[in-house]
Amino acid sequence: MNQVHLEFLSSPEWALTLQEEVLPWVQEAGDLGDDVLELGPGPGLTTDLLSRRVARLTAVELDPALAGALRERLSGTNVTVVNADATGSGLAGERFSSVVCFSMLHHVPSVPDQDLVFAEAYRALRPGGRFLRTDALDIEATRQLHVGDVFLPLPPSTLGDRLEAAGFGEVVIETTDHRLRFTARKV
């Protein structure tokens with residue numbers, strides 16, 4: 001992730017976006033349950049919001065420096081931070097009540113790897129558990145923020161089929177002018 005993008009994900013502007021756009025949608029989607037897995041928390045502003053709303057939260061972060069800083073900052077809380085790859089975390093299967101992912105999947109470098117993230121979310125969920133995700137759409141402003149980064153947005157037109165191929169049902173996909181979000185259930 002480039003430095004400008006990383007700084008943005010730690011900024012008051014991003015915190016406000018999470019508070020005004022993302023969190024209301026998560027709350028509208030319903031109870032996340034007692035044991036939540038967050039994929040790709042980055043600097044952890046989403047982790048902070050989630051940790052106040054769930055009993056247990058496990059955050060899987062690929063970048064060792066980000067994972068270490070987040071682990072240190074949240075030591076002694078209800079959050080466990082794991083430095084691992086979201087395509088294969090090594091965490092127990094059928095453990096989590098929900099899996100969430102906020103603005104991370106477009107950083108996964110290939111469609112097959114993105115599909116592995118879907119498969120890992122499915123594997124980690126309990127039967128009936130839900131996968132919730134928000135991400136950026138492919139628009140010019142978002143492309144500019146990702147100069148020098150991996151930026152592989154997920155096309156809404158193929159997303160439902162890809163989630164169903166991973167085993168999910170009850171897929172609901174919504175878009176705004178700049179954001180994509182979905183919920184899906186492990187059936």
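From the list D31, D48, D85, D63, exactly one residue is among the acidic types (D, E) and within 20 Å of A184 (Cα to Cα). Which is it? Steps first, answer last, please.
Working: D48 fails: within 20 Å of A184 (Cα to Cα); D85 fails: within 20 Å of A184 (Cα to Cα); D63 fails: within 20 Å of A184 (Cα to Cα).
After applying the criteria, what remains is D31.
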Item to check | Pairs, first at positive phi in region 31-59, second among the hydroxyl-bearing types (S, T, Y) and surrounded by fewer than 24 Cβ atoms within 10 Å (Cβ to Cβ), C-beta under 7 Å, six or more apart | outcome: G33/S97
Item to check | Total residues in region 134-185, condition touching a residue at least 40 places away in the same chain (Cβ under 8 Å), among the charged types (D, E, K, R) and under 23 Å from E7 (Cβ atoms) | outcome: 3
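Out of the residues in region 49-69 that are surrounded by 14 or more Cβ atoms within 10 Å (Cβ to Cβ) and over 24 Å from P24 (Cβ atoms), which is farthest from the chain's Cα centre (by Cα)?
A69
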Checklist entry - Being under 15 Å from the mean Cα position of the chain (by Cα) and at negative phi, is that true of even one residue in region 138-146? => result no
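For (1) at pLDDT 95 or above; (2) over 13 Å from the mean Cα position of the chain (by Cα); (3) among the polar types (S, T, N, Q), each residue gets a yes or a no:
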position	(1), (2), (3)
L6	no, yes, no
D31	no, yes, no
V36	yes, no, no
P41	yes, no, no
N83	yes, yes, yes
G88	yes, yes, no
A92	yes, yes, no
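The values are calculated or read from the model by the stated rules, or taken from the named source; none is laboratory data. Just so it is clear, the model here is predicted, and its values are computed rather than measured. As a convention, Cβ positions derive from the backbone with ideal geometry for all residues, glycine included, and neighbour counts pool all protein chains shown.
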